[in-house]
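**Q** Take a look at this one; I'll ask things after.
The values are calculated or read from the model by the stated rules, or taken from the named source; none is laboratory data. Bear in mind that the values here come from a model prediction, so they are computed numbers and not experimental data. All Cβ positions, even for glycine, are placed from backbone atoms using ideal geometry, and neighbour counts span all protein chains on display.
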Amino acid sequence: MWNYEKRLQYPVNIKNPNASTARFIITQFGGPDGELAASQRYLSQRYVMPYNEVKGILTDIGTEELAHMEIICAIVHQLTRNLSIEEIKASGFDTYFVDHTVGLWPQAASGTPFSATVFQSKGDPITDLHEDMAAEQKARTTYDNILRMIKDPDVIDPIRFLREREIVHFQRFGESLRVVQDNLDSKNFYAFNPAFDKQ
């Protein structure tokens with residue numbers, strides 16, 4: 001079903017480690033609007049989607065989100081590699097270091113651990129696709145905020161790529177919502193769940 005190539009979807013080549021930057025980039029790994037939540041959201045929702053075209057979109061985007069998680073992890077890894085204990089302490093990365101050294105562990109910028117409670121899979125195509133569109137906009141906003149805070153072009157480049165993909169995903173989910181609505185009586189978009197209620 002998937003073809004895994006042993007390379008990142010977009011290259012990450014950071015020359016200057018900076019654990020301060022890693023502290024907030026990590027939110028796109030395990031934060032409430034990060035790539036881990038996105039991948040699990042879409043790959044979970046696909047099972048009850050009654051329309052094959054939309055099921056395919058959920059699968060494609062969910063799989064791509066796994067690739068985006070790899071990019072974020074590569075960024076965090078490259079920002080934290082080869083740092084001294086003094087640099088780790090000075091950057092404020094010391095509290096993370098105590099629990100994880102410089103291993104990758106999903107958490108928000110605030111330090112809150114990843115939780116599946118940050119995403120939904122309701123089993124209703126209209127509900128789920130609205131959730132997905134909102135999720136993509138929240139992720140785009142987070143990338144906007146990250147871009148406001150960093151100056152390193154080696155970090156900015158892959159972050160811009162990821163931000164652009166959020167916009168594309170939002171558009172694809174909008175198209176998917178149209179597919180679902182086209183399969184329903186327009187007067188009854190919210191009258192029943194096409195994934196569960198049989199008409």
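**Q** Can you name the number of the only condition in (1) over 12 Å from the mean Cα position of the chain (by Cα); (2) at pLDDT 95 or above that L83 fails?
**A** So L83 meets the others, but not (2).
**Q** Can you work out which of the residues in the range 120-158 that are outside any helix (DSSP H, G or I), more than 27 Å from D185 (Cβ to Cβ) and touching a residue at least 12 places away in the same chain (Cβ under 8 Å) is farthest from the chain's Cα centre (by Cα)? First the steps, then the outcome.
**A** The initial filter retains those residues of the range 120-158 that are outside any helix (DSSP H, G or I), namely 120-124, 150-152.
Filter again for more than 27 Å from D185 (Cβ to Cβ), leaving 150-152.
Next, only the ones that are touching a residue at least 12 places away in the same chain (Cβ under 8 Å) stay: 150, 152.
On the way: I150: 19, D152: 22 Å.
This residue is D152.
**Q** Give me the residue from the range 45-94 that is among the aliphatic types (A, V, I, L, M) and surrounded by fewer than 20 Cβ atoms within 10 Å (Cβ to Cβ) and, out of that set, farthest from A135 (Cα to Cα).
**A** I85
**Q** Tally the residues that are farther than 25 Å from T101 by Cβ, surrounded by fewer than 23 Cβ atoms within 10 Å (Cβ to Cβ) and touching a residue at least 12 places away in the same chain (Cβ under 8 Å), restricting the search to the range 2-38.
**A** 5
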